[in-house]
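*Asks:* A single structure is presented below for examination.
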Number of protein chains: 2
Amino acid sequence: MLESHQYLRQFSIKPSVQRSAVMNFLLKNRIHPTIDEIYLALSPSMPTLSKTTVYNTLDLFVEKGAVRALAIDEKNARYDVDISAHAHFKCRSCGSIHDIFDLNANMYQLPENKSFKIDSIEISYFGICEHCIGN
Amino acid sequence: MLESHQYLRQFSIKPSVQRSAVMNFLLKNRIHPTIDEIYLALSPSMPTLSKTTVYNTLDLFVEKGAVRALAIDEKNARYDVDISAHAHFKCRSCGSIHDIFDLNANMYQLPENKSFKIDSIEISYFGICEHCIGN
DNA sequence: ATTATCTTTGTAATTGTTTCAAATAAATAA
DNA sequence: TTATTTATTTGAAACAATTACAAAGATAAT
């Protein structure tokens, strides 16, 4: 929990109890969680926590560059504390999202383009995960 | 409209009036439209058209492989009749989505992976478009 | 012509997200 | 410290996208 405190400061985010709890969850659970997953996980130990706070908190984290919002899931926003350049895999069957590999300089290189000022890239793979193949 | 008819058959989709109209719109308007955009565009000339039908129709098109659903926009599902391997760009400011370039064999190659059975890839770039820079 | 099947429609329910104003907590000034 | 300002959290309500579902309509098969 103290770690999250420190971690937040690195991104100039004032650490409140709620923010530290959310960041702590993200750091310890690398599952690209939805807002709901975060809320449900923290709610038992923080009964007064509001879902709006979780929304606010993640908006702030994204704005400060501490967390990356993923578009890979059409249903819910997904959040990733790992801000390094890497691709994701989403299972069509169970919906789980996994880190799949680091992007090499080739892929990660943002192309020059006269019509668009490009500032980021998201690479997503889709298919069926090991666990779901076994069923 | 006859073209759409033919086009649908290529994907073994039985062409109804509604399906042909939707496909025709997609073929003539390469804007990666949302359900709502399609509905609003067709509604004037097809007053009885229901939004549920547009949802059903696009689900069917995707299932039959005639259309690709894009995850690039967190708010709404986006649909693309161009099923060739190409990347997209989304403007953070106006939300418009554009084809940006064809994927070369390098990028499009689906990697072998022991944990996941990968069947598709989506590459998305984000930034600001020409038009929005000018404002 | 009758029956069965497929497709469309409209309404209602559900889900994810946003808005907003009041309540609480933290920071600053007197 | 106490008072005052500022930031954060909260819960309720509004909103938007999507899904569920049953009835109506169209198409195909007998």
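The numbers here are math on the coordinates, done by the rules we state, and not lab data. Because the structure is predicted, anything quoted here is derived from the model rather than measured. Neighbour counts run over all protein chains shown; Cβ positions are idealised from the backbone, glycine included.
*Asks:* Over 19 Å, how big is the tail of the calculated P(r) for chain B, in percent of all Cα pairs?
*Replies:* 56
*Asks:* Let me ask something else. Return the sequence-ordered ³J(HN,Hα) values of segment A:101-118 in whole Hz as given by the Karplus equation 6.51 cos²θ - 1.76 cosθ + 1.60 applied to θ = phi - 60°, using x for Gly and Pro.
*Replies:* Values, residue by residue: 6, 6, 7, 6, 3, 3, 6, 6, 3, 7, x, 6, 8, 6, 8, 10, 9, 7 Hz.
*Asks:* Hey, another quick one. List the aspartates and glutamates whose Cα lies under 16 Å from the Cα of residue A:51, skipping any in the same chain that are fewer than 8 positions away.
*Replies:* A:36, A:37, A:59
*Asks:* While we're looking at this one, here's another question. Taking every DSSP beta bridge with both residues inside chain A, roughly what % is antiparallel (nearest 5)?
*Replies:* 65
*Asks:* Let me ask something else. Measuring nothing but label to label, 7 Å from Cα along Cα→Cβ, what are residue B:63's distances to the other copies in nm, shortest first?
*Replies:* The projected label point of residue B:63 is separated from its counterparts by 4.2 nm.
*Asks:* Further question on the same structure: Setting aside same-chain residues fewer than 8 positions from residue B:64, which lysines have a Cα under 18 Å from its Cα?
*Replies:* Once the sequence-local lysines are set aside, what remains near residue B:64 is B:14.
*Asks:* Place a +1 charge on the Cβ of each Lys and Arg in chain B and a -1 charge on the Cβ of each Asp and Glu, then give the dipole magnitude about the Cα centre in debye, rounded to the nearest 20.
*Replies:* Using only the charged Cβ atoms, the result is roughly 320 debye.
*Asks:* Roughly how many Å is it from the Cα centre of segment B:2-81 to that of segment B:83-135, as a whole number?
*Replies:* 21
*Asks:* Something else: Can you bin segment B:2-78 into rounded, prolate or oblate? Criterion: square roots of the alpha carbon gyration tensor eigenvalues sorted a ≥ b ≥ c, rounded for a/c under 1.5, prolate for a/b above b/c, oblate for the rest.
*Replies:* oblate
*Asks:* List, shortest first and in nm to one decimal, how far the label point of residue A:45 (7 Å from Cα along Cα→Cβ) is from its counterparts in the other copies.
*Replies:* In ascending order, 5.9 nm.
*Asks:* Say each of residue B:85 and residue B:120 gets a label point 7 Å from the Cα, pointing the same way as Cα to Cβ; how far apart are those two points in nm?
*Replies:* With each label point 7 Å from Cα toward Cβ, the separation is 1.5 nm.
*Asks:* Lysines within cross-link reach of residue A:90: Cα-Cα under 16 Å, excluding same-chain residues under 8 positions apart?
*Replies:* Straight-line reach from residue A:90, under 16 Å: A:75, B:114, B:117.
*Asks:* Here is a follow-up. How large is the charge dipole for segment B:64-106, taken about the Cα centre, if only the Cβ atoms of Lys, Arg (+1) and Asp, Glu (-1) carry charge, to the nearest 20 debye? Intermediate values should be presented prior to the final figure.
*Replies:* On the way: 6 positive and 6 negative charges, 34 e Å.
It works out to roughly 160 debye.
*Asks:* Trypsin sites (Lys or Arg not before Pro), restricted to segment A:69-107: which are DSSP loop and have at most 12 other Cβ atoms within 10 Å?
*Replies:* Here the sparse-neighbourhood loop sites are A:75.
*Asks:* Suppose you put the label 7 Å out from Cα in the Cβ direction; list, shortest first and in nm with one decimal, how far residue A:86 is from each other copy's label.
*Replies:* Counterpart label points of residue A:86 in the remaining copies fall at 3.2 nm.
*Asks:* Amide H of residue A:101: which non-local residues (sequence gap of 5 or more, or other chain) have their own amide H closer than 5 Å, using H built in the peptide plane?
*Replies:* Here A:87 satisfy the definition.
*Asks:* In degrees from 0 to 90, rounded to the nearest 10, what is the angle of the helix A:17-28 Cα long axis to the longest principal axis of chain A?
*Replies:* 40
*Asks:* Next question. Hey, what angle do you get for helix A:51-63 against the long axis of chain A, alpha-carbon based, 0 to 90 degrees rounded to 10?
*Replies:* The angle comes out at about 50 degrees.
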